[in-house]
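The values are calculated or read from the model by the stated rules, or taken from the named source; none is laboratory data. These numbers come from a predicted model, not from an experiment. Cβ coordinates were reconstructed from backbone atoms using ideal geometry, including for glycine residues, and neighbour counts include every protein chain displayed. All accessible areas refer to the heavy atoms of the entire protein, side chains included, with ligands and DNA or RNA removed. Shrake-Rupley method; radii C 1.70, N 1.55, O 1.52, S 1.80 Å.
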Amino acid sequence: MLYSTPMTVDYATRTAKILARRMGVPVYLGCSIDTMATGTTAEEEMEGVAKIVEVIMQKWDEREKK
């Protein structure tokens, strides 16, 4: 069964918006990270988003250089 929780949708939407701004292209993103289930703090959540964006942007830049 497929379902979504508001937190995973929010996390994916926030991350996709950041990536779309940086890449200059539309971004569609799925996410199964539920920070409420793990008891993650807001600071830890933002660190997670920053790391995800950092890794994806590194891969994007490598791809653009080819």
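Taking Thr40 as meeting all but one of (1) open to solvent by 50 Å² or more (accessible area, probe 1.4 Å); (2) more than 13 Å from the chain's Cα centre (by Cα); (3) not small (Gly, Ala, Ser), write down the number of the exception.
Thr40 satisfies all of (1) open to solvent by 50 Å² or more (accessible area, probe 1.4 Å); (2) more than 13 Å from the chain's Cα centre (by Cα); (3) not small (Gly, Ala, Ser) except (1).
Since Asp10 meets every condition but one in (1) open to solvent by less than 100 Å² (accessible area, probe 1.4 Å); (2) at pLDDT 90 or above; (3) charged (D, E, K, R); (4) under 10 Å from the mean Cα position of the chain (by Cα), which condition does it not meet?
Checking Asp10 against (1) open to solvent by less than 100 Å² (accessible area, probe 1.4 Å); (2) at pLDDT 90 or above; (3) charged (D, E, K, R); (4) under 10 Å from the mean Cα position of the chain (by Cα), the one that fails is (2).
Exactly one condition in (1) of a type in the set (S, T, N, Q); (2) under 13 Å from the mean Cα position of the chain (by Cα); (3) assigned to a helix (DSSP H, G or I) is false for Gln58; which is it?
Among (1) of a type in the set (S, T, N, Q); (2) under 13 Å from the mean Cα position of the chain (by Cα); (3) assigned to a helix (DSSP H, G or I), the lone unmet condition for Gln58 is (2).
Just to be sure I understand the filter: pairs with C-beta atoms under 8 Å, separated by 6 or more residues or on different chains, first member in the stretch 36-56 and under 20 Å from Thr5 (Cα atoms), second member of a type in the set (Lys, Arg) and surrounded by 10 or more Cβ atoms within 10 Å (Cβ to Cβ). Which pairs pass?
Between residues of the stretch 36-56 that are under 20 Å from Thr5 (Cα atoms) and residues that are of a type in the set (Lys, Arg) and surrounded by 10 or more Cβ atoms within 10 Å (Cβ to Cβ), the close pairs are Val49/Arg14.
Could you run through the stretch 14-36 and say how many residues are part of a helix (DSSP H, G or I) and open to solvent by less than 80 Å² (accessible area, probe 1.4 Å)?
Total meeting the criteria: 8.
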